[in-house]
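Note sheet for the following structure.
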Amino acid sequence: MSGPRCPQCARPCASPRLLPCLHSLCEPCLRRLGPPEGPPGAARPVLCPVCDAELSLPAGGVGQLPLDCLAGSRAGAAAGCDLCADGAAAGRCLTCGVRLCRFCCRAHRRQKKTASHAVTELENTKDCSQAGKPLLCPSHPTEELQLFCEQCDQPVCRDCVLGRHRQHPCDFTGNVIHRHGDALRELLKSSQQHMDTLEDALSRVDEMGSAVRSRAEAVAAEICLFARGYVKAIEEHRDRLLKQLEDLKVQKENLLHLQKAQLQQLLLDMRTGVEFTEHLLMSGSDVEILVTKGVVSSRLTQLNSVAYSTHPSVDDRIQFSPHERAGQCCGYEVFGAILNKVVDPARCTLHGEDLHSARQNQQSDFTVLCKDTTGERMGRGGEAVRVTITHKDKRDCAVKATVCDNGDGTYYISYIPEEPGLYAVCVCVKGQHVQGSPFTLMVKHKFREHQGVFHCCTFCSSGGQKAARCACGGTMPGGYQGCGHGHKGHPGCHHWSCCAQMKESSECLCGPPSDTSQRSLLRTVAV
């Protein structure tokens, strides 16, 4: 009788152990996996030699791994007759628990001693697994596993129930198999759905790979057509463009290959779990299902929780611009480039009239001009521009800046400061400071219009009377100043331009002021 063989050493193994990834190995190979035994009670990390999955052996060692009861039937091993050892097993005696060939089945029924035994065909029962016989308790080798401990979640024998499982809720395996089998079927259904999704995702990845190659070929044709207009210089430029395109295509294909490999590995792991579970549910006995239920549920749950993208990791957008300036080639200015300009934050510049000063509660603005590594203007938008404006003395005081992408390589920045003081302004493109960043910004107090009487001094508007009073109520001793005519100032009044008799539209009695800018200054007084 040929039994299951270990996938690691290819030798027959009588009792293979099941790893958490649902691959089984013989005990000698399992003991040779990974590092030496660690401290007691510690799990050992190992790699499965079949799928390279990183696993942890139980703290109790290899002996704590569940037996792979269906290894022989999965490997296609034909069970032999337990009586004659010549023919293939075709039936099983439910009383003796032995496997019988067809000849021994007939003889078993004819013998007086075994005539009352119930013999069933292997193809009509789920007991046609490699085990074929009742599974015996590892702690009590003479007792059959007929009960299931709900608290410990494992099959047990009668002696176990009388011993360390005395106070645990236990029931016969036939009574609990439906509930646990249904849970496995639900996990199996979810895994099958993931398999369909993974197959669709792989199909889309393959289609995208074809699209990338087709698009790259189309762009290459455009480049070749454009290059025919020149002789040696353009041919050299064409080769350079094709090399750049090939690098871009290889980069995209490498990303797709990586995603494809990850999806294929996940699909392979998922298929292994699904096939194992399907075979377990179809061919395993109640006890066999319950023995492997824990590791199977853990593996399927782990696979179902793996995150993956159903969309290709790259797209097929590869553009060629025949009108883009490409610099000099063999002394000739050439055109045509694959659009892969990269912005250089160190070459980006700031522009604005009042870049370092602003007024409280008034909108201010400036412009960011993005350039590439050669110092040329990008000519298109889409860059990640971030602006922060923070008060230097008040950490919790910041100004929200609005960034508007003009689509031509420039970005319009506007803000309205609410608090006066000194601010630090940081302008970053792709997380890096541009030229001149960070810089300081001084926000001044807001302006307020003077509500009094304007234009000239009381002396002028009163016809030169020294006893005249100012609109604020103060007297005007001595000479006067306020209209720019050289009078001496009014020492007791801040409204040095106030007038008790004149309106804003009136002219000074002594003529126009000597400094025309002074009149506009009189209209506004800073608080």
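The values are calculated or read from the model by the stated rules, or taken from the named source; none is laboratory data. It should be emphasised that the depicted structure is a prediction, and the values quoted were computed from it without experimental measurement. Cβ atoms come from the backbone with ideal geometry, glycine included; neighbour counts cover every protein chain shown. Calculation scope for accessible area: heavy atoms of the full protein, side chains included, ligands and nucleic acids excluded. Shrake-Rupley method; radii C 1.70, N 1.55, O 1.52, S 1.80 Å.
Suppose we filter Ala211, Ala201, Ala216, Ala227 for residues that are over 36 Å from the mean Cα position of the chain (by Cα), touching a residue at least 40 places away in the same chain (Cβ under 8 Å) and over 21 Å from Gly294 (Cβ atoms); which single one remains?
Details: Ala211 fails: over 36 Å from the mean Cα position of the chain (by Cα); Ala201 fails: over 36 Å from the mean Cα position of the chain (by Cα); Ala216 fails: over 36 Å from the mean Cα position of the chain (by Cα).
The conditions single out Ala227.
Suppose we filter segment 347-377 for residues that are under 15 Å from Tyr412 (Cβ atoms) and of a type outside the set (Phe, Trp, Tyr); how many remain? Don't jump to the end; show me each part of the working.
Within segment 347-377, the first condition is being under 15 Å from Tyr412 (Cβ atoms), and the residues that meet it are 348-355, 363-370.
Next, from what is left, pick out any that are of a type outside the set (Phe, Trp, Tyr): 348-355, 363-365, 367-370.
The total comes to 15.
Could you say which residue among Ala211, Ala216, Ala221 is open to solvent by less than 20 Å² (accessible area, probe 1.4 Å) and either farther than 30 Å from Leu266 by Cα or assigned to a helix (DSSP H, G or I) (or both)?
Details: Ala211 fails: open to solvent by less than 20 Å² (accessible area, probe 1.4 Å); Ala221 fails: open to solvent by less than 20 Å² (accessible area, probe 1.4 Å).
Within the list Ala211, Ala216, Ala221, the selection yields Ala216.
Is it the case, given these coordinates, that Ser297 is over 23 Å from the mean Cα position of the chain (by Cα), of a type in the set (Ser, Thr, Tyr) and over 30 Å from Ser191 (Cβ atoms)?
On the way: over 23 Å from the mean Cα position of the chain (by Cα): yes; of a type in the set (Ser, Thr, Tyr): yes; over 30 Å from Ser191 (Cβ atoms): no.
Spelling it out, it is not the case that Ser297 is over 23 Å from the mean Cα position of the chain (by Cα), of a type in the set (Ser, Thr, Tyr) and over 30 Å from Ser191 (Cβ atoms).
Using the structure shown, decide if Asp196 is closer than 18 Å to Leu267 by Cα, at pLDDT 90 or above and either of a type in the set (A, V, I, L, M, F, W, C) or open to solvent by 40 Å² or more (accessible area, probe 1.4 Å) (or both). Show your work before the answer.
Values: closer than 18 Å to Leu267 by Cα: yes; at pLDDT 90 or above: no; either of a type in the set (A, V, I, L, M, F, W, C) or open to solvent by 40 Å² or more (accessible area, probe 1.4 Å) (or both): yes.
For Asp196, the condition - closer than 18 Å to Leu267 by Cα, at pLDDT 90 or above and either of a type in the set (A, V, I, L, M, F, W, C) or open to solvent by 40 Å² or more (accessible area, probe 1.4 Å) (or both) - is not met.
Being in a loop (DSSP other than H, G, I, E, B) and of a type in the set (A, V, I, L, M) is the filter; apply it to segment 370-385 and report the residue that is surrounded by the most Cβ atoms within 10 Å (Cβ to Cβ).
So in segment 370-385, the residues in a loop (DSSP other than H, G, I, E, B) come out as 370, 373-376, 378-384.
Filter once more, so that each one left must be of a type in the set (A, V, I, L, M): 378, 384.
On the way: Met378: 21, Ala384: 10.
Among those residues, the one meeting the criterion is Met378.
Consider Ala183 carefully, then state whether it is free of Cβ contacts under 8 Å to residues at least 60 places away in the same chain, on the phi < 0 side of the Ramachandran plot and among the small types (Gly, Ala, Ser). Full working, then the answer.
On the way: free of Cβ contacts under 8 Å to residues at least 60 places away in the same chain: no; on the phi < 0 side of the Ramachandran plot: yes; among the small types (Gly, Ala, Ser): yes.
When the stated conditions are applied, Ala183 does not pass them.
Only residues that are within 30 Å of the chain's Cα centre (by Cα) and closer than 24 Å to Ile223 by Cα: list them for segment 370-390, please.
Selection gives Asp372, Thr373, Met378, Arg380.
Could you check how many residues of segment 358-369 are open to solvent by 40 Å² or more (accessible area, probe 1.4 Å) and more than 35 Å from the chain's Cα centre (by Cα)?
Adding up the residues that qualify gives 5.
Taking the conditions exactly as written (within 22 Å of Met442 (Cβ to Cβ), open to solvent by 20 Å² or more (accessible area, probe 1.4 Å) and either modelled with pLDDT under 90 or not in a loop (DSSP other than H, G, I, E, B) (or both)), does Arg395 satisfy them or not?
Against the criterion (within 22 Å of Met442 (Cβ to Cβ), open to solvent by 20 Å² or more (accessible area, probe 1.4 Å) and either modelled with pLDDT under 90 or not in a loop (DSSP other than H, G, I, E, B) (or both)), Arg395 qualifies.
Output the number of the condition that Cys404 fails; it satisfies all remaining conditions of (1) open to solvent by 30 Å² or more (accessible area, probe 1.4 Å); (2) over 34 Å from the mean Cα position of the chain (by Cα); (3) not β-branched (Val, Ile, Thr).
All conditions pass for Cys404, except number (2).
Residue-by-condition table, conditions (1) of a type outside the set (A, V, I, L, M, F, W, C); (2) open to solvent by less than 70 Å² (accessible area, probe 1.4 Å); (3) at pLDDT 85 or above; (4) at positive phi:
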site: Leu47; (1), (2), (3), (4): no, no, no, no
site: Leu57; (1), (2), (3), (4): no, yes, no, no
site: Gly63; (1), (2), (3), (4): yes, yes, no, no
site: Cys105; (1), (2), (3), (4): no, yes, yes, no
site: Lys113; (1), (2), (3), (4): yes, no, no, no
